[in-house]
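The values are calculated or read from the model by the stated rules, or taken from the named source; none is laboratory data. Quick caveat: nothing in here was measured; it's all calculated off a predicted structure. Virtual Cβ from ideal backbone geometry, glycine too; neighbours counted across all protein chains shown. Only protein heavy atoms, including side chains, enter the accessible area calculation; ligands, DNA and RNA are left aside. Shrake-Rupley method; radii C 1.70, N 1.55, O 1.52, S 1.80 Å.
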Amino acid sequence: MNQHKHKQDQHKQDQHKQDQHKQDQHKQDQQKQDQHKQDQQKQDQHKQDEHKQSRERQGGQKQAQHPQEHSQYERPNHDHRKLGRELGLFDTDPLIGAGLPYWLPDGAAVRHTLEEYIRTAERRAGYRHVYSPVLGKRELYEISGHWSHYSDDMFPPMDLGGEQVVLRPSLCPHHAVIYRSRSHSYRELPLRMAELGGMYRSELSGVLGGLTRVRAIQLNDAHIFCTLDQVAGEARAALEMIRRAYEALGITPARYRLSLPGPGGKYVAAPEMWQRSTALLTEVLDRSGLPYEAAEGEAAFYGPKIDVQVADGARRESTLSTVQVDFHQPERFDLHYIGPDGAKHRPVMVHRSIIGSVERAVAHLIEQHGGAFPAWLAPTQVAILPISDAELPHADALARRCAELGLRAEVAGPERGTLGARVREARLVPYQAVIGAREAVDGRVALRLRDGRRPAPLPADEALARIGAVVDGYAHDLWDEAS
């Protein structure tokens, strides 16, 4: 009996020790969390101060360096944050969170069309598309260098099954691993890998705004794995893809910038690597004949880049497209290909983005066009306006025919007001198809173009074929008078 009582006492003592240990551990954890919050607040304040100073410096430099460019930006100063909401393209909600916009149907139509344009252009240029997860182990970013050079802009790790995973801040580490998963011969190079994928940046609340600065980003990204003597050709080809995309989208670059490293420890310490990659991009720009300026402190942590800058109506600049040369990550991930000599060789990695983030691209397009998008990109391409209820069946039939041809059409019937009111409501739609009693009988449509022109009434199929030709050709002129 005494032995049993002794065991009970011993059990109580052990339990007390365990409880005390848990309390101590909880206290330590709480202290760590409090310290982490304090450190994070200090980092946030420091980053806000740096961001403010950087914006002030850049603003002063741009005004001083480009006084001659004032006329280039003399267009209405549309604010995409206001206009995008008025047009029903996107919105935000505090319950979802700051920097996390959602896309409404018309905005989703613009985004989907833009993404499909990019995918098609990439396929035609010899790219193969992949999908990769938005999460990765912390070790992945330690290898790539993001953790040591970029962790301030990353969300904190999540503990999962004894491992730490993070939301990715870029797609390149995943693509390096995909390349490494298979052996490659020199005959396969250049190997062009593309993805429209999600990534996440821990942006401070003070710098978030509309679609230009967000925390969840859909990036048009690609990585070309190639030999050293293929780098210049691939970079030039990427610049040509950017030029064609801007032409289709109606975007005029503000300037081309050769982004170089600056002082400080945020860059990979490899002087020879920086010299080689800078020399390559300088050669590409010189041979392309494009005017450019070198800017220190704007490079990626792993290498220099060519940035294509765009400007809004208030002359504020942002980077939309980029071409980068990277010797760093192929080495970090031990990438190789088998050369004609049967030995292993290290490829070069060319990073390339045609339109950058989809969010920033759409924001710029809203402001560039004031909501009057090119016909191929417009959320509604044809507004069908029956004059009375009697023409509604003909209007619905025309809408179905548009859908069959891949055109986005909407019927705006008499229930939405007078014809004049509906014409004004659809003022940003490239084509308005008016159907009255005569058009219904003859199977014709009377078109009103957004630019004010009114072609003669045409058979419905002919009118839609001519609209389709403009859309398929990514043309900006809404009507070819010669056809």
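Counting only Cα atoms, I'd like the Rg/Rh figure for the range 76-203, Kirkwood definition for Rh.
For the range 76-203, the value is 1.04.
Restricting things to Cα coordinates, could you compute the convex hull volume per residue of the range 319-381 in Å³?
Dividing the Cα hull volume of the range 319-381 by its residues yields 134 Å³.
Put one equal scatterer on each alpha carbon of the range 253-390, apply the Debye formula with no solvent term, and list log10 I(q)/I(0) at q = 0.22 1/Å to two decimals.
Each listed q maps to, in turn, -1.31.
Given the peptides 460-468, 238-246, 300-308, arrange them by the average over their residues of other C-beta atoms within 10 Å, most packed first.
300-308, 238-246, 460-468
Which loop-located trypsin sites (Lys or Arg not before Pro) does the range 132-233 contain, where loop means any DSSP state but H, G, I, E or B and the Cβ has at most 16 other Cβ atoms within 10 Å?
Taking the range 132-233 and a limit of 16 other Cβ atoms within 10 Å, the loop trypsin sites (Lys or Arg not before Pro) found are ARG182.
What are the ³J(HN,Hα) couplings of the range 196-212, residue after residue, when phi is run through the Karplus curve with 6.51, -1.76, 1.60 and θ = phi - 60°? Round to Hz, x for glycine and proline.
Coupling constants for the range 196-212: 9, x, x, 8, 9, 10, 7, 6, 6, 4, x, 10, 6, x, x, 9, 7 Hz.
Please list GLU203, GLU481 from largest to smallest accessible area, probe radius 1.4 Å, with all protein chains kept in place.
So, going from the largest accessible area down, we get GLU481, GLU203.
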